[in-house]
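Participant: Just passing along the structure, written as structure tokens.
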Amino acid sequence: MTYENTLPTKIQGSVRNSLIRLFQKWKGTTYVPPSTHEALKWSARDPLPLLSAVTDAHWQMISKDKKNKVVKDDTERVQTNFVTAKGSVPVNMKRKSANEETSETFKKQRTLKSHDTSASSSAGLLWDGDDYSCAYDALITVLYDTWTNNTDQWTKIFYGINQEHLKPLASGFKKYLMGVDDILLEDVRDVLRERLHAKHPTEFPTGAAGASVAGLAARIFHTNTTSASASVECTQCDYKEDLVDHRLGLVLHKMSNRSESTGSWLKNLEHHTSKKCPDCSQPLQKSISYDLPPPLLIFEINSNNITLSKAIGFEEDGMKLLQLKGMVYHGGFHFTSRIVSSDGAVWFNDGMTTGRQCGKDGDLETMSNRKLMKCRGKKLVLAVYTLV
Ligand SMILES: [Zn+2]
């Protein structure tokens, strides 16, 4: 394909695994070349997963210093909370539901290379010191990595959410990936930024001033297409109203300081209602739930009491899983990000220090909640989940 000039210039690799991985990121893992032999074909049922990022062995001088440090991970719970969709068995809100499952990963020792900062194939953005850009850099790093997991599918999803910001974002990502006009992710960012600044100049300022990354997420993912339902029930008797339609966005903002996981937060979305029960005059409770699992969901985190669920189950014609895909951190007037690649590796990016590279931070499975909630002294402010 390189010979025929039909391969984007971004797809280059000196060894086979990195070349195939880039090709998979371009075409999606479901793409089967037409000339593939019948016996070799893969499908959704028998998939060829995205090859994991393999760093080719590099030379290293052996010294007497301890090269490998052994890190003990805390025993941790891999949280998988299931959200009951409309029409399925009602969940008793007073106790943990029966379909909420947790599994334990046992204390195990992991050996991490002390200098494991090899670059992923994910891309970060260079921070703009004239017009502070870290809020955009952090979120776009997460979104670009999400989009490259299946470019066709995510382009469709982005178009479906909104045309104003996500359509140009997806086409900008495509141009960058294909090497069209030497477009950089920073150019894609600046176009988005100018559009937002023109419309909301105080919320998205230029110069040495910051923007709220949660506000940015809320603007970029503004949508009228997600549908959700609200159910109103009495807190005391069996009084229950019919389900009604309710608008729920893709960015969830924290309201209470309740200690909970993101999964139980999603399962117990409640909106205040001052209405009283017509039967017994006790307070009514209004619970909101998505009708279908959203393709992407962003939680704004502004409490230390949150446990980050690594996956959130959604019961809808079988089990759909929302996976933790990216995290944005804030502290010292600066945003950084972490992304979770499809093989579960966690990568760190800071436009100011790592720039366009991402450095490996560990594996999601073995990272404790404490490690996920903080990153190099900064606190978690956004958690991005995607449906896989
Ligand atoms: Zn009542």
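Participant: Quick check, is Ala198 under 25 Å from Pro295 (Cβ atoms) and among the small types (Gly, Ala, Ser)?
Facilitator: no
Participant: Considering only residues that are touching a residue at least 40 places away in the same chain (Cβ under 8 Å), within 16 Å of the ligand (Cβ to nearest atom) and among the small types (Gly, Ala, Ser), which ones fall in segment 246-297?
Facilitator: Matches in segment 246-297: Ser287 only.
Participant: Based on what the data block shows, is His222 more than 16 Å from the ligand (Cβ to nearest atom), closer than 20 Å to Val384 by Cβ and either modelled with pLDDT under 95 or not in a strand (DSSP E or B) (or both)?
Facilitator: Yes.
Participant: Six or more apart or on different chains, Cβ atoms under 6 Å: show the pairs whose first residue is in segment 301-328 and more than 18 Å from Gly344 (Cβ to Cβ) and in the same structural domain as Leu125 (by TED's automatic domain parsing) and whose second is at pLDDT 85 or above and among the hydroxyl-bearing types (Ser, Thr, Tyr).
Facilitator: Short answer, once both residue conditions are applied: Thr307/Ser261; Val328/Ser337.
Participant: Quick check on Val232: is it of a type in the set (A, V, I, L, M, F, W, C), within 16 Å of the ligand (Cβ to nearest atom) and not assigned by TED's automatic domain parsing to the domain that holds Leu139?
Facilitator: Considered against the rule, which asks whether it is of a type in the set (A, V, I, L, M, F, W, C), within 16 Å of the ligand (Cβ to nearest atom) and not assigned by TED's automatic domain parsing to the domain that holds Leu139, Val232 comes out as yes.
Participant: Mind listing whichever residues of segment 341-360 are at pLDDT 90 or above and closer than 12 Å to Leu185 by Cβ?
Facilitator: Asn349
Participant: Considering only segment 312-328, how many residues are in contact with a Gly (Cβ under 7 Å, 6 or more places away or on another chain) and over 25 Å from Thr141 (Cα atoms)?
Facilitator: 1
Participant: Pick from Leu126, Leu139: which is in contact with a helix residue (DSSP H, G or I) (Cβ under 8 Å, 6 or more places away or on another chain), modelled with pLDDT of 90 or more and under 20 Å from Glu194 (Cα atoms)?
Facilitator: After ruling out the rest, the residue left standing is Leu139.
Participant: Let me ask another. Please verify whether Ala214 is touching a residue at least 24 places away in the same chain (Cβ under 8 Å), assigned by TED's automatic domain parsing to the domain that holds Glu164 and either within 16 Å of the ligand (Cβ to nearest atom) or not in a loop (DSSP other than H, G, I, E, B) (or both), treating the condition exactly as stated.
Facilitator: For Ala214, the condition - touching a residue at least 24 places away in the same chain (Cβ under 8 Å), assigned by TED's automatic domain parsing to the domain that holds Glu164 and either within 16 Å of the ligand (Cβ to nearest atom) or not in a loop (DSSP other than H, G, I, E, B) (or both) - is met.
Participant: Being assigned to a strand (DSSP E or B), under 15 Å from the mean Cα position of the chain (by Cα) and surrounded by fewer than 24 Cβ atoms within 10 Å (Cβ to Cβ) is the filter here, so list the residues in segment 301-312 that pass it.
Facilitator: The one that is assigned to a strand (DSSP E or B), under 15 Å from the mean Cα position of the chain (by Cα) and surrounded by fewer than 24 Cβ atoms within 10 Å (Cβ to Cβ): Ala311.
Participant: I'd like the full set of residues that are free of Cβ contacts under 8 Å to residues at least 12 places away in the same chain and either β-branched (Val, Ile, Thr) or outside the structural domain of Gly129 (by TED's automatic domain parsing) (or both), limited to segment 329-380.
Facilitator: Thr353
Participant: Ok, one more. Within 25 Å of Gly207 (Cβ to Cβ), in contact (Cβ under 8 Å) with a residue 12 or more places away in the chain and assigned by TED's automatic domain parsing to the domain that holds Val328: is that true of Tyr136 in this structure?
Facilitator: yes
Participant: Additional query: Do the conditions hold for His222, that is, is it surrounded by fewer than 17 Cβ atoms within 10 Å (Cβ to Cβ) and either over 20 Å from Lys325 (Cβ atoms) or in contact (Cβ under 8 Å) with a residue 12 or more places away in the chain (or both)?
Facilitator: Here the answer is yes, as His222 does meet what is asked.
Participant: Of everything in segment 157-189, what is basic (Lys, Arg) and more than 11 Å from Trp147 (Cα to Cα)? Give them in sequence order.
Facilitator: Hits for segment 157-189 are Lys167, Lys175, Arg189.
Participant: Check Leu177 against each of (1) in a helix (DSSP H, G or I); (2) out of contact with any Phe, Trp or Tyr (no Cβ under 8 Å at 6 or more places or on another chain); (3) at pLDDT below 95 and name the one condition it does not meet.
Facilitator: That leaves (2) as the condition not met.
Participant: Any idea how many residues of segment 343-388 are touching a Leu at 6+ places or on another chain (Cβ under 8 Å) and not in a strand (DSSP E or B)?
Facilitator: Residues meeting the conditions: 10.
The values are calculated or read from the model by the stated rules, or taken from the named source; none is laboratory data. Just so you know, these numbers come straight off a predicted model, no measurement behind them. All Cβ positions, even for glycine, are placed from backbone atoms using ideal geometry, and neighbour counts span all protein chains on display.
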